[in-house]
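Beneath this line is the structure, given in structure tokens, with notes to follow.
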Amino acid sequence: MALILLTNDDGIFAPGINAIREELERIGGHEVWAVAPDRERSASGHAITMYRPLFPIKVAIAGAQSPCYSVTGTPADSAKLAIEALLPRRPDLVISGINRGANLGTDIFYSGTCAAALEGPILGIPAIASSLDSWESRDYSLAARFTAELAFKVLAEGLPAGTLLNVNIPARPADQVAGVRITRMGERLYKDQWDKRTDPRGRTYYWLAGELMEMDNGPDTDVVAVAHGYISVTPVQLDLTRYDQMQRLAGWDLQP
Ligand SMILES: [Mn+2]
């Protein structure tokens, strides 16, 4: 029986992780464990905790048939601890999400959802990062259904080593979704606005309030697919090496 680890960066009580857990429990035929941060840790990237202990706490979630644990750490901590110490055996698949808000293009580098998912391929396990393109919607039903179906495809077909599927689902009813597109990572930049303020003791502080910039993204990118109402699936690889530049840099004749 396949063992699936669910994790996220919105916390163990977030609606997204519980929607995918409920969908997997409804389908049945596999074992599910949910291990996630004890609170929201969005945009915490791939940070791990080294100088404090991590406490996993078994939590009671109404109706849950699978073990659910909160962890006093980051998303990557939760996935790592689950895979290497908490689960009864190595999971066959890691699913991170379903995140509240899209993780498109360059968001991957800040995303706790993607970081937690990447613990899968880092440790040799296939993974899916799944995000709903909405901050407001509480309807994770289509996202849960699609993510579960994709999970069974990955379990049946496998993924090459070091591979993550980054999935983004538009927040619309299933009959208004245009289809599914296999995409490449687009660009998503924020016009960072640093709100400069003064605290009660007269000290200056800044508060980041970035606004999404319109980028000229190609039609084959995740950003454009989701904007046009498609579910986007991007195969992402761990190896960030720019192979085509290795020979050129070697020609720089760098000396120690
Ligand atoms: Mn999040």
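The values are calculated or read from the model by the stated rules, or taken from the named source; none is laboratory data. Quick caveat, the model's predicted, so the values are computed rather than measured. Cβ: placed from backbone, ideal geometry, glycine included. Neighbour counts: every protein chain shown.
Points to keep in mind about this one:
- Number of positions in region 161-186 that are touching a Leu at 6+ places or on another chain (Cβ under 9 Å) and among the charged types (D, E, K, R): 1
- Looking only at residues in region 105-147 that are of a type in the set (A, V, I, L, M, F, W, C), more than 13 Å from the ligand (Cβ to nearest atom) and in a loop (DSSP other than H, G, I, E, B), the one that is surrounded by the fewest Cβ atoms within 10 Å (Cβ to Cβ) is 123.
Residue by residue, here is whether (1) among the charged types (D, E, K, R); (2) modelled with pLDDT under 95 holds:
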| residue | (1), (2) |
| --- | --- |
| 130 | no, no |
| 139 | yes, no |
| 147 | no, no |
| 151 | no, no |
| 156 | no, no |
| 161 | no, no |
| 174 | no, yes |
| 182 | no, no |
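- Output for region 93-104, where each listed residue is within 10 Å of the ligand (Cβ to nearest atom) and outside any loop (DSSP other than H, G, I, E, B): 96, 97, 98, 99, 100
- Number of positions in region 207-256 that are in contact with a helix residue (DSSP H, G or I) (Cβ under 6 Å, 6 or more places away or on another chain), in a loop (DSSP other than H, G, I, E, B) and within 29 Å of residue 123 (Cβ to Cβ): 1
- Of all residues in region 20-39, none satisfies the criterion of being over 18 Å from residue 82 (Cα atoms) and within 14 Å of the ligand (Cβ to nearest atom).
- Of everything listed in (1) touching a residue at least 12 places away in the same chain (Cβ under 8 Å); (2) in contact with a strand residue (DSSP E or B) (Cβ under 9 Å, 6 or more places away or on another chain); (3) more than 16 Å from the ligand (Cβ to nearest atom); (4) part of a loop (DSSP other than H, G, I, E, B), the single unmet condition for residue 13 is (3).
To keep it simple, each residue is scored yes or no on (1) in a strand (DSSP E or B); (2) surrounded by 18 or more Cβ atoms within 10 Å (Cβ to Cβ).
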| site | (1), (2) |
| --- | --- |
| 32 | yes, yes |
| 43 | no, no |
| 47 | no, no |
| 53 | no, no |
| 57 | yes, no |
| 64 | no, no |
| 76 | no, yes |
| 80 | no, yes |
| 83 | no, yes |
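- Screening residue 176 against (1) surrounded by fewer than 17 Cβ atoms within 10 Å (Cβ to Cβ); (2) in contact with a helix residue (DSSP H, G or I) (Cβ under 9 Å, 6 or more places away or on another chain) leaves a single unmet condition, (2).
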